[in-house]
Amino acid sequence: MSEIIITLPDGSERTYEQGVSALDVAKDISEGLARNVLAAKVNGEVWDATRPIQESATLQLLTWNDEEGKSTMWHSSAHLMAEALEALYPGVKLGIGPPVDGGFYYDVDFGDQEFDSENLKAIEDKMLELARQKNEYVRKDISKADAIAYYQEKGDEYKLELLEDLEDGQITFYTQGNFTDLCRGPHIPHTGFVKAAKVLNVAGAYWRGDENRKQLTRLYAITFPKQKELKQHLELLEEAKKRDHRKIGKELELFTFSEKVGKGLPLWLPKGAVLRERLENFLKKAQVKSGYEQVVTPHIGGKELYITSGHYAKYGEDSFQPINTPAEGEEFLLKPMNCPHHCEIFKSRPRSYKELPVRYAEFGTVYRYEQSGELHGLTRVRGFTQDDAHIFCRPDQVKEEFAKVIDLVLYVFKALGFAEFTAQISLRDPENPEKYIGKDEDWDRAEQEITEVAKEKGLNTVVELGEAAFYGPKLDFMVKDALGRSWQLGTIQVDYNLPKRFELEYIGSDNQKHQPVMIHRAPFGSMERFVAILIESTGGDFPLWLAPEQIAVLPISEKYHEYAKNLYTTLQEHDIRGIIDERDEKIGKKIRDAEVKKIPFMLIVGEQEAESGTVALRAHGKGDQGSMKIEEFINFFNQTVTELLNNGN
């Protein structure tokens, strides 16, 4: 048997016999390490740790501390849950069971059997009982004919349908204990790694996401290698429930939804509108300093516009259908993206190389038809506003402009207190080139430029294949919120393709026509999703500069209403916004209500304050802050806002 060379992440090389597994390598390094290995990356691809390696390769051992390690364990746990379900509900039919962020799920057809969500504890107990058997996950290549015969005998039409898209050489089964599943893997070495399990939620899910197909039961669950980690996770989930943006949004009267208006189409209430306006003004001010020009485009566009851009091919079938006018053959679409409109603005007159880069910015509302089962508060909607901008530049300006956009994104994150993030370099999926438009050389150049600038900026980066936009690669910012959850917020994309499709050009220094490069960017992403994440990260305690109601003036009694009104008028003149609580209530009740509304400052006024021209100041969650002259408070307020914007949050 010939020898192969295994290269580890630190660059060191080890020689082994052909057929060695990642687990064998781990044991060679350290028995302690081997006990924690869940899977391995072989030449960048995640494998079973027990799978034989037949040729020289790079190797990274994956544990629970690696995202791919967690994902592999949760994938294996989905199989474990399916085994438990087959034991508890003989004859059950299974759909798909992938890992997801925060665990895994399995879609199940219980047939005529009655499934009671009160029995979730029995499923958890059975999973742990099976886990303690330490059954190995065994991978087996199988022919399509044998796979079909297996599932025909079981009478499982769901797996048979999945097999229709596969051919010989693409099909593998995994078996652990008494359970076998159609699966590409990878999986953990054995079930014994699972020490804690919890079924989190039960929902309905149409087979393959098709509303015309049968609705299956989807069981969401999670597992951990230690019981204490499950306990900590459940505590985190309870905190997340308290911070749910839908709950807080209702309590703070920020937004609502109406069935008559339509699912997934948010209605912003006055306080929510103020919050949005402050976010917009904050970014507009930064954009003006960075040389952007504001533009406004319609909510609809001619169908031909989106055929040219490629958006119709990308979103047409799954989006809102064309709008037909009284004129024969005239069709419009609700705008799925702002970029085609901005291309037409750039094209509206001849351009010279001397005026590039041109930077157009717009808070433009776009529309995409999400399935009703996928809608979720503000994070998944059908109509949303992007803080969109498009930079048209010369090829020699791409890296400099890209770097400037990174600076803008970092400024936004700092001002809002998002200190922990990863920059994801999102590239093409080399296995599915049909998903993308444009020439390989343009993609190669754009991917190289993004990678180089991210490195030059010293960003903490990860590379993800298959996450690029259909027209170009991008840099996505994955931000962690106060609960440690990761969200994709800002995005920057380099695009050599749309300028070609729209035949954009400028006259160069050689007096010849040249094609500009287009950079797409959105630091917030969408206003709706950004506000949802901001609500959940802050728990509704917004930064002072952003809070819809920054102050509450609280007169002790009716005698001081006039002083309170004059005070509030003065504050308004200095762009300090809030409310006057003139209700016939005791001051204690007014303070408690202002605390519940999470208003940053309470200005209490009574006889002493009216006579001395002062306010008794309280800060939300911090109590009394002493007495201040009105002018002192205004200076204090403005200084606090400046410090928060400069230092974060």
Test set (1) crowded, with 17+ Cβ neighbours inside 10 Å; (2) under 21 Å from Ala273 (Cα atoms) - His574 fails condition number: (1)
Arg246 being outside the structural domain of Asp407 (by TED's automatic domain parsing) and touching a helix residue (DSSP H, G or I) at 6+ places or on another chain (Cβ under 9 Å): yes
Number of the exception - Leu234 against (1) modelled with pLDDT of 95 or more; (2) touching a strand residue (DSSP E or B) at 6+ places or on another chain (Cβ under 9 Å); (3) more than 15 Å from Gly540 (Cα to Cα): (1)
Subset of the range 97-149 [of a type in the set (Val, Ile, Thr) and not in a loop (DSSP other than H, G, I, E, B)]: Val100, Val108, Ile123, Val138, Ile148
Test: residue in the range 204-225 that is over 29 Å from Ala49 (Cα atoms), β-branched (Val, Ile, Thr) and in the same structural domain as Glu114 (by TED's automatic domain parsing): yes
Looking only at the range 391-417, and only at residues there that are of a type in the set (Phe, Trp, Tyr) and surrounded by 20 or more Cβ atoms within 10 Å (Cβ to Cβ), the one that is nearest to Glu456 (Cα to Cα): Phe402
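Results for (1) more than 22 Å from the chain's Cα centre (by Cα); (2) farther than 23 Å from Lys241 by Cα; (3) in a helix (DSSP H, G or I), shown as yes or no for each residue.
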position	(1), (2), (3)
Val531	no, no, yes
Ala547	yes, no, no
His561	yes, yes, yes
Leu567	yes, yes, yes
Leu571	yes, yes, yes
Options Glu464, Glu434, Glu449, Glu420; residue that is acidic (Asp, Glu), in contact (Cβ under 8 Å) with a residue 60 or more places away in the chain, surrounded by fewer than 21 Cβ atoms within 10 Å (Cβ to Cβ) and in the same structural domain as Gln515 (by TED's automatic domain parsing): Glu420
Qualifying positions in the range 235-267 - touching a residue at least 24 places away in the same chain (Cβ under 8 Å) and part of a strand (DSSP E or B): Phe255
Failed item, numbered, when His514 is tested on (1) surrounded by fewer than 21 Cβ atoms within 10 Å (Cβ to Cβ); (2) over 22 Å from Glu447 (Cβ atoms): (2)
Meets criteria (out of contact with any Asp or Glu (no Cβ under 9 Å at 6 or more places or on another chain), among the aromatic types (Phe, Trp, Tyr), more than 24 Å from Lys226 (Cα to Cα) and surrounded by 14 or more Cβ atoms within 10 Å (Cβ to Cβ)) for Phe193: no
Selection status of Lys195, at pLDDT 95 or above, on the phi > 0 side of the Ramachandran plot and touching a helix residue (DSSP H, G or I) at 6+ places or on another chain (Cβ under 8 Å): no
Check on Glu68, farther than 30 Å from Ser12 by Cα and under 35 Å from the mean Cα position of the chain (by Cα): no
Matching entry among Val92, Val20 (being outside the structural domain of Ala221 (by TED's automatic domain parsing) and of a type in the set (Val, Ile, Thr)): Val20
Options Arg276, Arg351; residue that is crowded, with 17+ Cβ neighbours inside 10 Å, of a type outside the set (Val, Ile, Thr) and under 27 Å from the mean Cα position of the chain (by Cα): Arg276
Set Asp476, Asp442: member being surrounded by 15 or more Cβ atoms within 10 Å (Cβ to Cβ), part of a strand (DSSP E or B) and of a type outside the set (Phe, Trp, Tyr): Asp476
Output for the range 224-262, where each listed residue is more than 23 Å from Glu528 (Cβ to Cβ), more than 20 Å from the chain's Cα centre (by Cα) and of a type outside the set (Phe, Trp, Tyr): Pro225, Lys226, Gln227, Lys228, Glu229, Leu230, Lys231, Gln232, Leu234, Glu235, Glu238
Some residue of the range 305-312 being at pLDDT below 95 and touching a Cys at 6+ places or on another chain (Cβ under 8 Å): yes
Wholly enclosed strands (runs of 3 or more DSSP E) of the range 1-81 bearing at least 2 residues surrounded by 15 or more Cβ atoms within 10 Å (Cβ to Cβ): 3-7, 39-42, 45-48, 57-62
Verdict on Ala145 being out of contact with any helix residue (DSSP H, G or I) (no Cβ under 9 Å at 6 or more places or on another chain) and among the aliphatic types (A, V, I, L, M): yes
Test result for Leu603, touching a Gly at 6+ places or on another chain (Cβ under 9 Å) and surrounded by 13 or more Cβ atoms within 10 Å (Cβ to Cβ): yes
Qualifying positions in the range 402-420 - modelled with pLDDT under 90 and in contact with a Lys or Arg (Cβ under 9 Å, 6 or more places away or on another chain): Phe418, Ala419, Glu420
Every residue from the range 150-184 that is in a loop (DSSP other than H, G, I, E, B), under 31 Å from the mean Cα position of the chain (by Cα) and surrounded by 17 or more Cβ atoms within 10 Å (Cβ to Cβ): Cys183
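The values are calculated or read from the model by the stated rules, or taken from the named source; none is laboratory data. The shown structure was predicted, so the numbers you read here are calculated from the model rather than taken from an experiment. Heads up, the Cβs are rebuilt from the backbone with ideal geometry, glycines too, and the neighbour counts pull from every protein chain shown.
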